[in-house]
1. Given the criterion assigned to a strand (DSSP E or B), surrounded by 12 or more Cβ atoms within 10 Å (Cβ to Cβ) and out of contact with any helix residue (DSSP H, G or I) (no Cβ under 6 Å at 6 or more places or on another chain), identify the matching residue among Thr38, Thr45.
2. Within the range 115-126, is even one residue loosely packed, with under 13 Cβ neighbours inside 10 Å, within 11 Å of the chain's Cα centre (by Cα) and either within 30 Å of Arg3 (Cβ to Cβ) or at pLDDT 90 or above (or both)?
3. State which residue is surrounded by the most Cβ atoms within 10 Å (Cβ to Cβ) when the search covers only the range 81-100 and only residues that are more than 28 Å from His139 (Cα to Cα) and without any contact (Cβ under 8 Å) to a residue 40 or more places away in the chain.
4. Of Asp59, Asp17, which residue is under 16 Å from Arg111 (Cβ atoms), touching a residue at least 24 places away in the same chain (Cβ under 8 Å) and not in a strand (DSSP E or B)?
5. In the list Leu103, Leu138, which residue meets the criterion of being surrounded by fewer than 19 Cβ atoms within 10 Å (Cβ to Cβ) and under 13 Å from Trp12 (Cα atoms)?
Amino acid sequence: MLRKEVLGWKEWVSLTDFGIACILAKVDTGARTSSLHTIDQEVFTKDNTEWVRFTIALDAKENRTVTAEAPLVARRAVTNSGGIPEDRLVIETQICIGNWCTLAEVTLARRTGMKCRMLIGRTALSGTAVVDPENSFLHPTPLCD
């Protein structure tokens, strides 16, 4: 039987595809899809493929940002935390918490007012990780820039 990684309900995440050593994430089994707080999004064509350029806010005050690009995987209707459907752009990226890593679909969203800049949904966890809702930060904090 495969041993599943135990994650706290809040963890520091590394997004190495975008050069991000640490971003605060809420691990939320109530959410199907993972999402990432972005300030802006621009769809463009590169090598006959749709890509999206976006700015990731690393902190709640949006003082620290990273501009990134990724192939556009889909456009999807997602129900936000307020129960309202939104059309969102979807990318795929590797998410790492400690030594646990997974390739996940992530929607680009405005998470203004949310303390955590990222939300890890249950499809990213499926089959490889479980959440301990009584604990947070079960994995070492990465070296944040």
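The values are calculated or read from the model by the stated rules, or taken from the named source; none is laboratory data. This structure is a prediction, so every number in the text was calculated from the model and none was measured. So basically every Cβ, Gly included, is an ideal-geometry build from the backbone, and we count neighbours across all protein chains shown.
1. Details: Thr45 fails: surrounded by 12 or more Cβ atoms within 10 Å (Cβ to Cβ).
Result: Thr38 is the single residue among Thr38, Thr45 that is assigned to a strand (DSSP E or B), surrounded by 12 or more Cβ atoms within 10 Å (Cβ to Cβ) and out of contact with any helix residue (DSSP H, G or I) (no Cβ under 6 Å at 6 or more places or on another chain).
2. no
3. The first filter runs over the range 81-100 and keeps only residues more than 28 Å from His139 (Cα to Cα), leaving 82-89.
Then drop every residue that is not without any contact (Cβ under 8 Å) to a residue 40 or more places away in the chain, which leaves 82-87.
On the way: Gly82: 6, Gly83: 6, Ile84: 8, Pro85: 9, Glu86: 13, Asp87: 9.
Per the criteria, the residue is Glu86.
4. Details: Asp17 fails: under 16 Å from Arg111 (Cβ atoms).
So the residue among Asp59, Asp17 that is under 16 Å from Arg111 (Cβ atoms), touching a residue at least 24 places away in the same chain (Cβ under 8 Å) and not in a strand (DSSP E or B) is Asp59.
5. On the way: Leu103 fails: under 13 Å from Trp12 (Cα atoms).
Selected residue: Leu138, the only one of Leu103, Leu138 that is surrounded by fewer than 19 Cβ atoms within 10 Å (Cβ to Cβ) and under 13 Å from Trp12 (Cα atoms).
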